[in-house]
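The values are calculated or read from the model by the stated rules, or taken from the named source; none is laboratory data. All of these numbers come straight from a predicted model, not from anything done at the bench. In this analysis, Cβ positions are derived from the backbone assuming ideal geometry, glycine residues included, and neighbour counts consider all displayed protein chains. Protein only, heavy atoms only, side chains kept; ligands, DNA and RNA dropped before computing areas. Shrake-Rupley method; radii C 1.70, N 1.55, O 1.52, S 1.80 Å.
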Amino acid sequence: MQMIQAEIEKPCSFLGSWKTEAYDVQVLSVESRISGAAVDATSGRSEAMTLSVKGVAAKLSVSQASFYERVRSGKIEHVRVGRRILISRGALEKFIEMNTRVGYYSG
């Protein structure tokens with residue numbers, strides 16, 4: 001056993017020596033590729049397919065009024081059910097991708 005340990009600890013070319021490290025990982029959510037519905041890893045319940053404007057505004061840390069303005073102007077896709085305005089997770093992801101900027105951006 002000591003011979004094996006000594007061999008493992010020898011430097012290997014320019015890479016140096018082998019080391020074993022452990023990492024702790026906490027799973028926060030899991031997304032099903034079949035249904036597209038996210039599942040909360042802590043409770044095991046699936047999340048809703050759509051979010052209300054209030055829920056989206058809270059997740060994005062913006063005011064409801066400013067998000068309603070984006071809905072009215074057509075900058076984000078939405079579903080209207082009666083008087084309710086709902087945003088699908090896909091539409092929210094698309095909105096974030098289309099509005100993500102690198103560096104300074106004015107306008």
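Here the stretch 76-107 is the region considered, the condition is being in contact with a helix residue (DSSP H, G or I) (Cβ under 7 Å, 6 or more places away or on another chain) and not in a helix (DSSP H, G or I), and the residue that is surrounded by the most Cβ atoms within 10 Å (Cβ to Cβ) is 87. Taking the conditions exactly as written (in contact with a helix residue (DSSP H, G or I) (Cβ under 8 Å, 6 or more places away or on another chain), small (Gly, Ala, Ser) and modelled with pLDDT under 90), does residue 22 satisfy them or not? Spelling it out, it is not the case that residue 22 is in contact with a helix residue (DSSP H, G or I) (Cβ under 8 Å, 6 or more places away or on another chain), small (Gly, Ala, Ser) and modelled with pLDDT under 90. Taking the stretch 42-66 as the range and being modelled with pLDDT under 90, open to solvent by 80 Å² or more (accessible area, probe 1.4 Å) and part of a helix (DSSP H, G or I) as the test, only 59 passes.
For the stretch 86-101, check the following and say yes or no: at least one residue is at pLDDT 90 or above, over 17 Å from the mean Cα position of the chain (by Cα) and among the small types (Gly, Ala, Ser). No; the residues of the stretch 86-101 include none that is at pLDDT 90 or above, over 17 Å from the mean Cα position of the chain (by Cα) and among the small types (Gly, Ala, Ser).
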